[in-house]
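The values are calculated or read from the model by the stated rules, or taken from the named source; none is laboratory data. Given the structure is predicted, the values throughout are model-derived calculations rather than measurements. Positions of Cβ are backbone-derived with ideal geometry, glycine not excepted, and every protein chain shown enters the neighbour counts. Heavy atoms of the whole protein, side chains included, go into the accessibility calculation; ligands, DNA and RNA do not. Shrake-Rupley method; radii C 1.70, N 1.55, O 1.52, S 1.80 Å.
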Amino acid sequence: GAVVSQHPSWVICKSGTSVKIECRSLDFQATTMFWYRQFPKQSLMLMATSNEGSKATYEQGVEKDKFLINHASLTLSTLTVTSAHPEDSSFYICSARGLDRFYTDTQYFGPGTRLTVL
Amino acid sequence: GENVEQHPSTLSVQEGDSAVIKCTYSDSASNYFPWYKQELGKRPQLIIDIRSNVGEKKDQRIAVTLNKTAKHFSLHITETQPEDSAVYFCAGDNNAGNMLTFGGGTRLMVKP
């Protein structure tokens with residue numbers, strides 16, 4: 001399958017800090033990137049969808065000024081959690097969708113970023 | 001929009017037995033149904049997928065069946081092994097084909 005990387009894998013920060021998470025598709029061009037949030041023992045909650053060069057589409061209840069998404073290229077998307085607070089602590093997973101090397105339209109996940117806000 | 005329901009939420013089987021996880025979806029225009037396996041603290045990994053032009057797909061011990069009329073699809077794991085223990089998520093595409101909606105997940109435990 002295709003490779004999606006995510007950085008950092010784990011971050012601990014103080015309340016009020018802004019944290020940037022990078023998501024890269026390494027061997028294919030991602031026409032669409034997704035950002036999910038996952039709480040322990042729960043399913044993936046879609047936060048937003050972004051297409052390269054366009055503004056992200058946020059799901060209901062997700063604050064766009066809180067979770068800034070930039071999709072600058074077909075291989076890079078970033079999520080910035082602004083002024084993070086303890087309730088933002090979670091596992092954030094990006095996902096990239098596009099044609100992989102087999103020219104199959106498939107969605108692959110990054111390894112996730114565990115954010116802990118103190 | 002698409003709504004995907006997944007059952008059961010937990011499933012415990014003995015090593016060597018088969019496991020079946022079922023999902024239903026609401027959007028009749030959905031055409032793509034992947035299954036992901038997520039081990040603790042790791043990313044969801046695509047294990048198998050099926051598109052609406054076929055009714056069944058198999059890959060070694062894993063198979064997926066799709067019934068478009070009834071709008072349900074299932075994951076079948078045969079000869080389960082302890083390393084199959086994980087959370088499995090089904091998903092369905094939306095009408096535009098650009099977004100997946102996930103089921104709630106099934107925690108599979110394979111007892112040695």
- [ ] For the protein assembly as shown, evaluate the Debye formula with one uniform point scatterer on each Cα (no solvent term) and list log10 I(q)/I(0) at q = 0.10, 0.12, 0.15 Å⁻¹, rounded to two decimals.
- [x] -0.46, -0.66, -1.01
Open item on the list: Can you tell me how the stretch B:41-81 classifies by the Cα gyration tensor, rounded, prolate or oblate, using a/c under 1.5 as the rounded cut?
Closed with: prolate
Task: Volume per residue that the Cα convex hull of chain B spans, once the total is divided by residue count, Å³ - done: 91
Task: Separation of the B:ASN95 and A:LEU99 label points, Cα + 7 Å toward Cβ, nm - done: 2.6
Task: Accessible-area composition of chain A, carbon plus sulfur, in percent [1.4 Å probe] - done: 53
Open item on the list: On a full-extension model of 0.36 nm per residue, what is the gain between A:LEU118 and A:SER15, subtracting their alpha-carbon distance, rounded to one decimal in nm?
Closed with: 36.5 nm
TODO: For the stretch A:11-118, calculate the relative contact order in percent as a whole number, restricting contacts to Cα pairs under 8 Å that are 6 or more residues apart.
DONE: 36
Open item on the list: As an exercise, find the ratio Rg/Rh for the stretch A:10-116 from alpha-carbon atoms, using the Kirkwood inverse-distance average for Rh.
Closed with: 0.97
